[in-house]
Amino acid sequence: MIDLLIFLVPAYVGNSSPVVLGGGAPLDLGKKIGGKRILGKGKTIRGFAGGVVAGTLAAIIIAQYYQLPFFENAETQMIGGFLLAFGTLFGDSFGSFLKRRMNMESGSPFFPDTFIFLFFALLFVSPLVHDLFEPFNIAFFFILTMILHPLTNLIANKAGLKRVPW
Ligand code: CTP
Ligand code: MG
């Protein structure tokens, strides 16, 4: 189980770092479709890039000390970490895209936010892993994320980094 937790670190780092690293120009450059922002003001270029870099860095550091059984070697583990982080930020933006299409304000609570990033992270890393997609592991990932995602959002809010506690 500790392996499963370590495996997801690049995704969690990628998901939580934009609140600190973000700012500046929005990822959608302010553009709209159908009168609604494509992604909205909560998704910035710096947040996206910073999240991918931070998650990948975490994976590179972990790979120096710990070889996960799901990857062939340290190199694939690092590339896998990048894919997890990239999938996370892609999923995060995709979630915002859906929210804007449903007329939801940036920052409004949206239950699927908790899972969309995880789904895309796992999808993106899937070509590089073996012995990972077993029912127990998948259930563990979703339950862990259901606990950690709201918890980290609450901490970020209490620490004054995030406007809302979700
Ligand atoms: N953030 C960012 N760039 C990203 C993702 C997040 O700059 N690609 C920053 C923004 O300051 C954002 C904060 O992190 O407000 C919290 O992220 P999140 O909860 O994902 O965004 P929301 O503001 O809730 O916007 P949305 O409704 O689109 O999810
Ligand atoms: Mg949000």
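A few remarks follow.
- Under 19 Å of direct C-alpha separation, and excluding same-chain neighbours fewer than eight residues apart, Lys43 reaches these aspartates and glutamates: Asp28, Asp92, Glu105, Asp113.
- Here the chain is treated as a Stokes sphere of Kirkwood radius computed over C-alpha pairs; at 25 °C and 0.890 mPa s its diffusion coefficient rounds to 152 µm²/s.
- Gaussian network model of the chain, Cα within-10 Å springs - most flexible of Leu154, Leu84, Leu118: Leu154
- Pairs from Lys41/Lys162; Lys36/Lys99; Lys99/Lys162; Lys32/Lys162 whose Cα-Cα separation, in the structure shown, is over 21 Å: Lys32/Lys162
- Available extension along the chain between Asp131 and Lys32 is 31.4 nm, counting 0.36 nm per residue and deducting the alpha carbon span.
- Placing unit charges on the Cβ atoms of the charged side chains and taking the dipole of the chain about its Cα centre, the candidate lying farthest along the positive direction among Leu128, Gly80, Gly24 is Gly24.
- Local electrostatic count at Phe71 - Lys and Arg +1, Asp and Glu -1, tallied over other residues with Cβ under 14 Å: -4
- Here the dipole of the stretch 21-137 is about 960 debye; that uses its Cα centre as origin and unit charges on the Cβ of Lys and Arg (positive) and Asp and Glu (negative).
- For the chain, the relative contact order is 23 percent, taking Cα pairs closer than 8 Å that sit 6 or more residues apart in sequence and dividing their mean separation by the residue count.
- Relative contact order (%) - the stretch 87-159, alpha-carbon pairs under 8 angstrom, separation at least six: 36 percent
- Distance from the Cα centroid of the stretch 1-80 to that of the stretch 135-166 is 15 Å (rounded to whole angstrom).
- Gain on full extension, evaluated as 0.36 nm per residue between Leu148 and Ala25 minus their Cα-Cα distance, stands at 41.4 nm.
Each value in this text was obtained by applying a stated rule to the coordinates, not by laboratory testing. Because the structure is a prediction, the values reported are computed rather than measured. Positions of Cβ are generated from backbone atoms using ideal geometry, with glycine treated the same way; all protein chains shown enter the neighbour counts.
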